[in-house]
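The values are calculated or read from the model by the stated rules, or taken from the named source; none is laboratory data. Predicted model only: the values in this text are computed from it and were never measured. Glycine gets a Cβ as well: all are built from the backbone with ideal geometry, and neighbour counts include every protein chain shown.
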Amino acid sequence: MRAIFWIFACAVIGAGSFWLWTNYPRARTIFQDVVPTGRFQTLEMRYTAESLMEAHKRELLKDDEHAFLDPKLTYHPYLLLEVKYNRSQEKTGEGYILWSLVDGEMVINTSNWETTHGFLDCINANAASNEFKVINALAKRGGVLDREGLSKILNVSDRILDTWLDSCRKKNLIVLSGNNYRLHLQEPKLQVPPETKLKHRLVTKTARKANRAPRRFRVSQIEATAKAAFGDDFAIRKTTEIFLPVYSIVVQNPDGSHMTTYWNALNGKNIDQAVHFE
């Protein structure tokens, strides 16, 4: 009798899980956040570690006393969002956004892997849509504006404006400098269209049993930040977690220490300008 009960319970749970997976994308997102699967989608590698080592040999190996060690391949998690947004009064834009689940920034252009700067702070601060209105108003004016200027752009009552400003200041998103408010970021880059410029069609393939970098952010955090940042006319149609293959190219120095640089296997660019020594 007990065995029949457990068989029935498993069948009900299985059928319910399948129904949720099929009908509710949000359920898939939660499941993927909690239970990592063995197989995953990765962007196609266009460069090998060997070709990058050969192309950048002169800059990485200063002399014959420096030597390459075996390169390592790690897959970095990104969220691919299929979106639509209001491009102009007459036209709707449709496209894709590639957003890092490691550094919290959006990729602006896959050709040079240019990224935004500032969304990381907004995610960590749990910035809401009203706070993004202040952030975006400042970003449009080079990051600095006085209260009167903000009032004209945002067109809200003094009480509401003060509430928004106080909230942004408490979250360390903006600071008051003299008579001006400014974004609390070094060289912010937030005023971007909600679409990644894709040089090539993104080709994915299924991989398994590979070294994956841990996710720093949940899918739900990226979705919430994107919706808050890009306004009411922005909609997410679909999200897919994909992985970017990244090579760690290691050079052994004469003193036995190691220098590590990181290279994007999709476009062959150095994605981390800071040199790591061990």
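Within the stretch 106-137, the set of residues being among the polar types (S, T, N, Q), more than 18 Å from Asn172 (Cβ to Cβ), out of contact with any Asp or Glu (no Cβ under 9 Å at 6 or more places or on another chain) and not in a loop (DSSP other than H, G, I, E, B) comprises Asn109 only.
Is the stretch 118-125 home to any residue that is in contact with a strand residue (DSSP E or B) (Cβ under 7 Å, 6 or more places away or on another chain) and of a type outside the set (Asp, Glu)?
yes
Only one of the listed residues (Arg201, Arg212, Arg218) is of a type in the set (D, E, K, R) and closer than 30 Å to Ala137 by Cβ. That residue is Arg218.
Which of the residues belonging to the stretch 61-87 are over 16 Å from Leu202 (Cα atoms), part of a strand (DSSP E or B) and of a type outside the set (A, V, I, L, M)?
The initial filter retains those residues of the stretch 61-87 that are over 16 Å from Leu202 (Cα atoms), namely 61-74, 84-87.
Filter again for part of a strand (DSSP E or B), leaving 67-68, 72-74, 84-86.
Scanning the stretch 61-87 gives Phe68, Lys72, Thr74, Lys84, Tyr85, Asn86.
Selection over the stretch 176-201 of residues that are in a loop (DSSP other than H, G, I, E, B) and in contact with a Ser or Thr (Cβ under 8 Å, 6 or more places away or on another chain) gives a count of 6. A residue that is part of a strand (DSSP E or B) and at pLDDT 95 or above cannot be found anywhere in the stretch 221-233. Please tell me if Lys205 is assigned to a strand (DSSP E or B), farther than 18 Å from Asp121 by Cα, of a type outside the set (Phe, Trp, Tyr) and assigned by TED's automatic domain parsing to the domain that holds Ser88. So Lys205 fits the description; yes. The residue that is farthest from Trp99 (Cα to Cα), among those in the stretch 241-275 that are surrounded by fewer than 14 Cβ atoms within 10 Å (Cβ to Cβ) and of a type in the set (S, T, N, Q), is Ser257. Checking each residue in the stretch 78-95 for being surrounded by fewer than 16 Cβ atoms within 10 Å (Cβ to Cβ) and within 15 Å of the chain's Cα centre (by Cα) picks out only Glu82.
Pick from Ser167, Ser151, Ser177, Ser129: which is hydroxyl-bearing (Ser, Thr, Tyr) and either in the same structural domain as Ala229 (by TED's automatic domain parsing) or loosely packed, with under 12 Cβ neighbours inside 10 Å (or both)? Just one listed residue meets the conditions, Ser177. Return a yes/no flag: does the stretch 169-180 have any residue that is modelled with pLDDT of 95 or more, within 20 Å of Lys227 (Cβ to Cβ) and not basic (Lys, Arg). The answer is yes, given that some residue of the stretch 169-180 is modelled with pLDDT of 95 or more, within 20 Å of Lys227 (Cβ to Cβ) and not basic (Lys, Arg). Among the residues of the stretch 229-240, those that are surrounded by fewer than 20 Cβ atoms within 10 Å (Cβ to Cβ) and either of a type in the set (A, V, I, L, M, F, W, C) or farther than 19 Å from Ala125 by Cβ (or both) comprise Asp232, Asp233, Phe234, Ala235, Ile236, Arg237, Lys238, Thr240.
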